[in-house]
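The values are calculated or read from the model by the stated rules, or taken from the named source; none is laboratory data. Computed from a predicted model, the values in this text were never measured in an experiment. Virtual Cβ from ideal backbone geometry, glycine too; neighbours counted across all protein chains shown. Quick note on the areas: whole protein, heavy atoms, side chains included, nothing else; ligands and nucleic acids left out. Shrake-Rupley method; radii C 1.70, N 1.55, O 1.52, S 1.80 Å.
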Amino acid sequence: MRDYLLTLCVTAAVTYLLTGPVRKFAIAAGAMPEIRARDVHREPTPRLGGIAMFFGLCAGLLVADHLPNLNSVFELSNEPRALLSGAALIWLIGVLDDKFEIDALIKLGGQMIAAGVMVMQGLTILWLPIPGIGTVALTQWQGTLLTVALVVITINAVNFVDGLDGLAAGMVCIAAAAFFLYAYRIWYGFTIEAAAPATLFAVILMGMCLGFLPHNMHPARIFMGDSGSMLIGLVLAASAISITGQVDPDALKIFEGSTREATHAALPVFIPLLLPLTIIALPVADLVLAIVRRTWNGQSPFAADRGHLHHRLLEIGHSHSRAVLIMYFWSALIAFGTLAYSVHSASMWIVLVIVALSAIGLVLLLLPRFTPRAPRWAESFVPPRYRRRAVRPAAPVAGSPAPSGDEDDERVPVPAGVNGATALSALPELPDRRKAGTRG
């Protein structure tokens, strides 16, 4: 565990220290696109934060290669090199997109090529544990198609959710933390060396996100851009593919009996193998809803809009920071709830705690809908969000008396679609030059 913590700290430190110089480079390079109609930030902000995250990834792999307890991962497996190859390719495509805004179909093709590069070097799904049936071996084509699909879905899910300051980095960090605990349990608890690469990938991913978050929290000084969102999505997918496709379920030896009986009995243990679709359930749901919504409206699935989950939280009335924290809460509940159930599936308390936390999350989610309003005589004693909103009267006609001091305190209602807690004015009517993705 000490070696993993050292790798985590080095990765986070390198990412954090490089983000400042990368920000200056992004400004000098002109990687500061104009504010689009769907953006929630109020002034141009540099992108290319993925550059610092990529070098953090390289630093983490380099340090792990020189640690005695982690060096075996590089000697016995080709997966770290496969991850680095795919990450370098997807990072390069993201950097070009942050600067020149390449076409969405080109990015999709690059994502598939990056996944194919990892498959060619051995990072692929070899078999799947299916409850009631047992371990099903996949053919080379089946494993390749499933691996590429999982990588592409995860990359685009993370890219779609990257719409608020600190949102994508925080959610992926939470997912990586839950996945690290699960992979470490398989590797250390059951002494299965095949789970070591996935454990290493997860801890490096945590370091990348933790090092970048201080620069990206609201108000963000730099965005990760597609170079960062696609990179962390690929690393997350690689972690899940490594442990799902490389760890033989029979090696766990949890239960005696036939393979079918053991697989069915060990279902709670196999639930986290559905990662990353469970730990990033919110980004995946946002991705599916966006595709359905745009197709239903006769638009291209790659056409950007303001209908994502984080946009809806702002429209409900949540502030920027509170919307991000709510998304963090639900991500942590899904990820760590799945992890807890896989460890203690027989405990009813796990289910009750998850249900109780879900109810609390729903209350917090809908809280702006039920915000109480103070009576007028008490408005001066409560925060502004609890005061009654009143429309400012029209301009006085010539000759009419000037408005009194009380009328100057009247507030203008916030226009629809604008977050009153963060926006200072209506969104600018600027053309949306991007074809797909998010703002960084």
List the residue pairs whose Cβ atoms are under 7 Å apart, where the first residue sits in the range 50-74 and is of a type in the set (Asp, Glu), the second is surrounded by fewer than 24 Cβ atoms within 10 Å (Cβ to Cβ), and the two are 6 or more positions apart or on different chains.
Asp65/Asn71; Asp65/Phe74
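Among the aliphatic types (A, V, I, L, M), over 19 Å from Leu213 (Cβ atoms) and in contact with a helix residue (DSSP H, G or I) (Cβ under 8 Å, 6 or more places away or on another chain): is that true of Leu105 in this structure?
Working: among the aliphatic types (A, V, I, L, M): yes; over 19 Å from Leu213 (Cβ atoms): yes; in contact with a helix residue (DSSP H, G or I) (Cβ under 8 Å, 6 or more places away or on another chain): no.
No.
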Could you grab me the full set of residues in the range 183-227 that are within 28 Å of Asp97 (Cβ to Cβ), in contact with a helix residue (DSSP H, G or I) (Cβ under 7 Å, 6 or more places away or on another chain) and open to solvent by 10 Å² or more (accessible area, probe 1.4 Å)?
Met206, Leu210, Leu213, Pro214, His215, His218, Arg221
Candidates Ala12, Ala64, Ala52, filtered to the one that is of a type in the set (A, V, I, L, M, F, W, C) and either over 23 Å from the mean Cα position of the chain (by Cα) or at positive phi (or both):
Ala64
Residue that is modelled with the lowest pLDDT, among those in the range 343-365 that are of a type in the set (Ser, Thr, Tyr) and over 23 Å from Gly170 (Cα atoms)
Ser345
Is there a residue being small (Gly, Ala, Ser) and open to solvent by 30 Å² or more (accessible area, probe 1.4 Å) anywhere in the range 57-77?
yes
Any idea which of (1) surrounded by 22 or more Cβ atoms within 10 Å (Cβ to Cβ); (2) under 29 Å from Gly122 (Cα atoms); (3) at pLDDT below 90 is the one Val235 doesn't satisfy?
(3)
Specify which of the listed residues (Thr147, Thr139, Thr199) is more than 22 Å from Gly110 (Cβ to Cβ), out of contact with any Phe, Trp or Tyr (no Cβ under 7 Å at 6 or more places or on another chain) and of a type in the set (S, T, N, Q).
Thr139
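Just the residues that are modelled with pLDDT under 90 and surrounded by fewer than 24 Cβ atoms within 10 Å (Cβ to Cβ), please, taken from the range 147-162. Give the derivation first.
So in the range 147-162, the residues modelled with pLDDT under 90 come out as 150, 153-154, 156-162.
Passing the criteria: Leu150, Ile153.
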